[in-house]
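Structure, as structure tokens:
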Amino acid sequence: MTMPSIKRVLLKLSGEVLMGDQPFGIDSAFVADLAQEVKAAKDTGLEICLVIGGGNIFRGMAGAAAGMDRAQADYMGMLATVMNALAMQNALEQIGVHTRVQSAVQMDQVCEPVIRRRAERHLEKGRIVIFAAGVGSPYFTTDSGAALRAAEMKCDALLKGTSVDGVYDDDPKKNPTAKRFETVSYDRVLADNLKVMDASAVALCRDNGIPIVVFSIREKGNLARVLAGRGVQTIVRKEA
């Protein structure tokens, strides 16, 4: 499948990916491998923004389901994304990639606040910008945060690296006959509730014409292959 022509991308990673083979937390060795993947993509000349979920540490919706106040649980989830962002920043800078973390929840001692013009300048200087803490408000997922930052930074595509190699018409872990889409429209994703990202994130990408590329980040070298149009992926975009 041919990738759209891109110069600037937002890479959204699920927090669970940072666990590696662990049941919880951050696998430093796996994060180091991810950093190498991101560096290889950057070395092709791309400008890269990153958003990382927090599900490996704390997921707000799970906390709410267990009886916590939803807003309080979501703020805890935002803090988890900051921890993941700092871990990824460390891994990238250890291999010589200059990186800045910007958080939607202000915490000046560990990272910058989200300032769009400053983020633009970082990208122009060849730095990777990691956006943390979602949109800074409860009741929104990091998927929505990723879509918002992709629109705000005028990214050419939103790449979602997960544990699954694309978008299926059913859960491939439960249904071995589930069919993977090569391409699928935003409207089909929303109408059929295909679980690519939450509905508000998909709608925001649709309204701003940002294609969503879903692929497996766990397969070594897959990010570079996807960017070259050779990897296994699903592209969510407007109906042809």
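The table below gives the values:
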{"read-out": "Net charge contributed by nearby residues that have their C-beta within less than 14 Å of G60 (K/R +1, D/E -1)", "value": "-2"}
{"read-out": "Dimensions (Å) - the chain, Cα atoms, principal axes, largest first", "value": "48, 46, 35"}
{"read-out": "Alpha carbon centroid spacing (whole Å) that separates segment 36-53 from segment 118-141", "value": "13 Å"}
{"read-out": "Radius ratio Rg over Rh of segment 98-151, counting only Cα atoms, Kirkwood formula for Rh", "value": "0.96"}
{"read-out": "The chain - charge dipole about Cα centre, Lys and Arg +1 at Cβ, Asp and Glu -1, debye rounded to 20", "value": "540 debye"}
{"read-out": "Relative contact order of segment 17-92, pairs being alpha-carbon contacts under 8 Å that are 6 or more residues apart, as %", "value": "33 percent"}
{"read-out": "Net charge, S216 excluded, C-beta distance under 14 Å - Lys, Arg +1, Asp, Glu -1", "value": "+3"}
{"read-out": "Share of pairwise Cα separations in segment 182-240, more than 15 Å, in percent", "value": "49 percent"}
{"read-out": "Relative contact order (%) - segment 162-219, alpha-carbon pairs under 8 angstrom, separation at least six", "value": "45 percent"}
{"read-out": "Quarter of Cα convex hull surface for segment 25-66, i.e. mean projection, nm²", "value": "3.6 nm²"}
{"read-out": "Value at 222 nm in deg cm²/dmol, rounded to 500, when DSSP H runs of n ≥ 4 in the chain each add -39,500 (n - 2.57)", "value": "-11000 deg cm²/dmol"}
{"read-out": "Diffusion coefficient, µm² s⁻¹, Stokes-Einstein with Kirkwood Rh over alpha-carbon pairs of segment 141-239 at 10 °C and 1.306 mPa s", "value": "117 µm²/s"}
{"read-out": "DSSP bridge orientation in the chain - percent antiparallel, rounded to nearest 5", "value": "10 percent"}
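Only the coordinates and a few stated rules stand behind these numbers; no lab work does. Here the structure is a predicted model, which means the values were calculated and not measured. Here the Cβ is made from the backbone with ideal geometry for all residues, glycine too, and neighbour counts use every protein chain on show.
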